[in-house]
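S.K.: Got a structure here, written out as structure tokens. Questions coming.
The values are calculated or read from the model by the stated rules, or taken from the named source; none is laboratory data. Given the structure is predicted, the values throughout are model-derived calculations rather than measurements. Note: ideal-geometry Cβ built from the backbone for every residue, glycine included; neighbour counts use all protein chains shown. Accessible surface areas use protein heavy atoms only, side chains included; no ligands, DNA or RNA. Shrake-Rupley method; radii C 1.70, N 1.55, O 1.52, S 1.80 Å.
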Amino acid sequence: MSNHIIDQVVRATDGELISALVDIASSPAAGDYVTKIRLTPNEGEAIEFGRSEWNSEQLRELSTKRSRVIRIGQLLVSGDQALLDVRRDLRNQDNKSQLFDTLNLYQQHCPGNANAFINFADVAQSRLRSSTSADIGSLLGPDVQKHFEAREHALNRLESLVIEQNKQLDEQRMQLDAQYTERVTALEERHDARLKELEADYNTRQAQLDEQENTLAARTKAIDDRAATHARRDDRKELLKALTEENRLALSSETSSRRLAVCIAYLSLLVFFAAITIVLFYQAGTNDWVLIASRSGATIGTIVTAGFFIRWLNLFATKSAAEDFKLKQLQLDVQRASWLVELYFESLTAGGNAELPDELLSRLSRNLFSSEEPEHEAVTATDALASALLNSAGKLRLNIAGNEVEFSRGDLRKLLRQKIVSTEHDG
């Protein structure tokens, strides 16, 4: 899409058009980016003049011509792109086509910015509009020429009057601006002075309020210290009361229901294996190896189930006792910590904010809220079963790599003692 400006200028002679194009191309507004002037006659090829030819004898001679045979006059930039062209419709014979030419300004071909293009357009339009033909009366007649001259004179007078009025308005506006600035300055000075007075008054009152607040804060701190001591003692009593309640180790309903379910499962499994064992032992046929294997399996199942059940009950009882001891230890630690805090604050109050020595504090607070629990060796179900079998067996025969090894009851007891001694050394 083309981005150019279209305007109408009064048709001038070829010499006036060439002279106007040379003046526009040589003006500061055109800068150095206008490289050529191209003239295209109504018939024939175009004539181009470079920057070095703008003062040539040929171009000065063409500037004196009174003819109207140039159809297009252009100012070109680099790339032979038109920055300005004046087009004449020489073939149309209506009055408008004979009186006016079309001026095209191409902003997209301007190498400069928008401000440079505006300056160039101002110079071009002003120069081309001033090139009114002196013999326009030959086209319009002398009476019309006089009428246009009178109207032009009246327009010039009106323009001068408007310029004068604008000048007076500008002077009045500048005078009003000066008065307004003076008044604003005076108001700002009075405002700054009043603001300084208010700030000084505010600082004085703020200092008084700060002094009163410091006094009140000191009194409040003394009251809070006494109140904090009583509150701390009340909290200690509440905590000790909670630690000495009878139901402190009571299980929740969810935990009790889960424990009951585990007990029922163990008892059911134990009754099942025991019943099978009793039934198998009352059956005849001592030489039947299937019956012997079944009796052995049922007996082992009963023993393993009973061992697991007893171990689970023992573990639960052990943990309950451990938690009870922990609560008692926590009760003692709370009493020790409360006594230590009271001693610390009393030392600060009596000694002028002098703290207790770190060594004394470390000794008084040693093992406070910490416990050293002995590590017990975990006994697996396999160990329990092996221990039960070895303690109940009178003789053990093993087949190792095709060699049979037989252990008596005494040998088995020696092996168990050696296993216990080696376990203690490893621990």
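S.K.: Take the conditions at pLDDT 85 or above, surrounded by fewer than 19 Cβ atoms within 10 Å (Cβ to Cβ) and farther than 15 Å from Y33 by Cα and apply them to Q108. Does it pass?
M.R.: Here the answer is no, as Q108 does not meet what is asked.
S.K.: Here's something else I'd like to know. What's the number of the condition D85 fails, among (1) part of a strand (DSSP E or B); (2) acidic (D, E); (3) farther than 18 Å from D101 by Cα?
M.R.: (3)
S.K.: Would you pick out the residues in segment 111-132 that are among the polar types (S, T, N, Q) and either at pLDDT 85 or above or under 17 Å from H4 (Cβ atoms) (or both)?
M.R.: N113, N115, N119, Q125
S.K.: Residue check, L90 against (1) at pLDDT 85 or above; (2) open to solvent by less than 70 Å² (accessible area, probe 1.4 Å); (3) within 22 Å of R129 (Cα to Cα); (4) of a type in the set (A, V, I, L, M, F, W, C), all met but one. Which one?
M.R.: For L90, the exception is condition (1).
S.K.: Here's a follow-up. For segment 27-53, how many residues are on the phi < 0 side of the Ramachandran plot and within 58 Å of the chain's Cα centre (by Cα)?
M.R.: The total comes to 9.
S.K.: What's the number of the only condition in (1) at pLDDT below 80; (2) under 20 Å from V262 (Cα atoms); (3) not acidic (D, E) that L291 fails to meet?
M.R.: (2)
S.K.: Looking for something at pLDDT 75 or above and more than 30 Å from I303 (Cα to Cα) - is there at least one such residue anywhere in segment 245-253?
M.R.: Scanning segment 245-253 turns up at least one residue that is at pLDDT 75 or above and more than 30 Å from I303 (Cα to Cα).
S.K.: Tell me yes or no: at least one residue of segment 300-310 is open to solvent by less than 60 Å² (accessible area, probe 1.4 Å) and free of Cβ contacts under 8 Å to residues at least 24 places away in the same chain.
M.R.: Looking for residues that are open to solvent by less than 60 Å² (accessible area, probe 1.4 Å) and free of Cβ contacts under 8 Å to residues at least 24 places away in the same chain, one finds none in segment 300-310, hence no.
S.K.: Output yes when any residue across segment 183-193 is open to solvent by 90 Å² or more (accessible area, probe 1.4 Å), part of a helix (DSSP H, G or I), of a type in the set (S, T, Y) and at pLDDT 90 or above, and no when none is.
M.R.: no
S.K.: On to the next question. Quick test for you: out of I72, I18, pick the one residue that is outside any loop (DSSP other than H, G, I, E, B) and touching a Leu at 6+ places or on another chain (Cβ under 7 Å).
M.R.: Of I72, I18, the one residue that is outside any loop (DSSP other than H, G, I, E, B) and touching a Leu at 6+ places or on another chain (Cβ under 7 Å) is I18.
S.K.: Out of everything in segment 39-73 that is touching a residue at least 40 places away in the same chain (Cβ under 8 Å) and not hydrophobic (A, V, I, L, M, F, W, C), what residue ends up being most open to solvent (accessible area, probe 1.4 Å)?
M.R.: For segment 39-73, the residue satisfying everything is R66.
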